[in-house]
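Here's the structure we're looking at; comments come further down.
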């Protein structure tokens with residue numbers, strides 16, 4: 001028998017298999033780890049068992065935020081050894097449950113996503129409402145609430161050998177002239193809130209996307225939070241032209257959630273964006289939002305659904 005230091009003689013060891021990438025990054029963590037874990041836990045009812053999951057590095061705080069009791073987060077190696085031990089023995093007190101993630105557009109599930117949103121809204125209700133009240137005073141003007149997301153300072157883990165992928169979001173992509181664009185849009189008297197999400201609680205991110213009418217963000221993990229937004233949201237994704245991999249994660253996600261998706265191209269992954277073009281595109285989005293949803297909105301939904309099913 002393999003020796004482990006967890007001190008566990010009885011546990012339900014959960015093997016969460018995400019579809020791609022590392023669960024130490026937000027997109028794969030939220031869709032590939034936390035979502036299936038939460039939905040699976042709802043099927044357990046009142047069964048009182050010690051549930052063991054692997055560490056997700058910088059995302060562990062979000063696990064504790066949502067599941068403060070009843071879930072034990074183990075270091076990756078200890079969790080792997082415990083899984084191996086449980087599978088190698090017939091010990092009925094040390095059992096394994098395998099569940100699968102949604103972090104690939106082929107596995108997006110609108111019904112599961114709605115259930116996840118309901119579960120987390122219930123679990124985090126007080127915290128989300130507190131964040132919403134604070135956000136009401138954060139938007140500077142009248143009109144549709146526009147959230148413009150920048151990339152903040154990454155956690156130090158991503159620059160160490162302990163990280164599964166030694167590259168944070170800002171290392172892969174950024175908007176060189178984000179401050180200038182934010183200042184320009186604010187000068188147009190738009191109701192714009194520039195922000196970063198690194199280090200923010202899940203309650204804050206849920207409140208932010210539930211509050212927003214329009215979200216602007218470069219292609220990246222922040223847009224996973226579309227899960228919390230309503231189907232009245234317009235999302236404008238900034239996509240670098242030099243991105244070589246298929247990049248329809250968020251157009252597909254918006255389609256599954258009934259949200260209107262728009263695209264603005266960026267010359268390169270760390271280059272500037274055209275602030276005038278962004279302002280013009282925003283102006284059109286705001287104008288279209290004032291129209292009845294059953295006109296242009298219907299065609300936007302159809303377009304989103306077609307993109308999500310390509």
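Just so you know, all these numbers are worked out from the coordinates, no wet-lab data involved. Everything quoted here is computed from the prediction, not taken from an experiment. With ideal geometry, Cβ positions are generated from the backbone for all residues, glycine too; neighbour counts draw on all protein chains shown.
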The extension gain from residue 283 to residue 187, computed as 0.36 nm times the residue separation minus the Cα-Cα distance, is 33.2 nm
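Can you compute the FRET efficiency between residue 111 and residue 290 using 1/(1 + (r/R0)^6), with r the Cβ-Cβ distance and R0 = 25 Å? Round to the nearest 0.05.
0.20
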Taking Cα atoms only, Rg over Rh for segment 11-106 with Rh from the Kirkwood formula is 0.95
Length gained, residue 268-residue 71, 0.36 nm per residue minus C-alpha separation, equals 66.7 nm
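Need the full-extension length gain, residue 232 to residue 125, defined as separation in residues times 0.36 nm minus the C-alpha distance. One decimal, nm.
36.4 nm
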